[in-house]
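A quick write-up on the structure given underneath.
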Amino acid sequence: MKRQISETLFDDLGFRMTYEAERILYEMHTDHQHLVLFEHKFFGKMLMLDGATQVTSREEFIYHEMMTHVPIFAHGRAKEVLIVGGGDCGIAEEVLKHKSVERLTQVEIDASVVEFSKEHFPEFTKPVLADDRFDLVIDDGMKYVANPDRRFDVIIVDSTDPQGPGKVLFSRKFYAACRRSLRNGGVMVTQNGVPLFQAGELRSGIGKFRALFADGSCYIAAIPTYIGGHMAMGWATDNKKLRHLPVATVAERYKKAGRFPTRYWTPEVHVAAFALPRFIAQVVAKAGTR
């Protein structure tokens, strides 16, 4: 019989999403997490960490493009970019499409995740590892941002959900360290869960942003395997104008970047992503003010 693999992230809400694996491609328990990669007949390769879906080959482009192109095009002059987490290198691949980026530093706590990705996600890792702008650091993200050796224009926090080793990446201490690591006018974006199911997580995160930054909010994308309708990306910066750019400005920046191919992100989607459905806007409003 084919193995049934369940997403257990929402066990406390009384339901699971279960996938039928055509075959198990890889499975391991590391010092930090349980990882399983399997093949699904529709979603293709699916990676789960500690019972939470991380990436699928069918729709990875949605998350990776929106976590990357929104902050970089909003900033407009990003040269130094930091990724915390993201061991599969999917976000790194998108960052390096921006030729204006002079250096990309990626801090990943678990070296085995990167080694695994070299074998199973070469479509991400090959172009990234071949780019001399890429600097991989195996370290704890909290420790790294506490004492960075350079400052960054954009910080992308590609974390798991707030459990296990990823929990610290949702703390005020971590966000404060990220703020100190940003250059003036820099932007930090984070993975902030599904508002319908994880409203408390989103409200808590934005509240911490607003205690530290001039502008704290979120934008959204629809990612099928991140069940619940909308996925929220946390947004924090001291430049309040960056969240309100007109389509024409974003389109001009995209033109200057060479209009590289995208499958989800467009200048219009970029701007529209900050227009929150009312129930999400209400969660954001309850996060408090600076």
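Taken over region 66-85, the criterion of being open to solvent by 10 Å² or more (accessible area, probe 1.4 Å) and assigned to a loop (DSSP other than H, G, I, E, B) is satisfied by GLY76, ARG77, LYS79. Of all residue pairs spaced 6 or more apart or on separate chains, none has beta-carbon atoms under 7 Å together with a first member in region 217-232 that is more than 20 Å from ARG58 (Cβ to Cβ) and a second member that is at pLDDT below 90 and in a loop (DSSP other than H, G, I, E, B).
Only residues that are of a type in the set (A, V, I, L, M) and open to solvent by less than 70 Å² (accessible area, probe 1.4 Å) were counted across region 3-16, and they come to 2.
Taking only pairs six or more apart or across chains, which ones have beta-carbon atoms under 6 Å, a first residue in region 142-154 that is under 19 Å from THR68 (Cβ atoms), and a second residue that is of a type outside the set (Lys, Arg) and assigned to a loop (DSSP other than H, G, I, E, B)? From residues that are under 19 Å from THR68 (Cβ atoms), the pairs are ASP153/ALA78; VAL154/ALA78.
Condition check for LEU25 on (1) touching a residue at least 24 places away in the same chain (Cβ under 8 Å); (2) open to solvent by 10 Å² or more (accessible area, probe 1.4 Å); (3) not in a strand (DSSP E or B): one failure, at (3).
The values are calculated or read from the model by the stated rules, or taken from the named source; none is laboratory data. Please read these numbers as outputs of a predicted model, since none were measured by experiment. Every residue, glycine as well, gets a Cβ built from its backbone with ideal geometry; the counts of neighbours run over all protein chains shown. All accessible areas refer to the heavy atoms of the entire protein, side chains included, with ligands and DNA or RNA removed. Shrake-Rupley method; radii C 1.70, N 1.55, O 1.52, S 1.80 Å.
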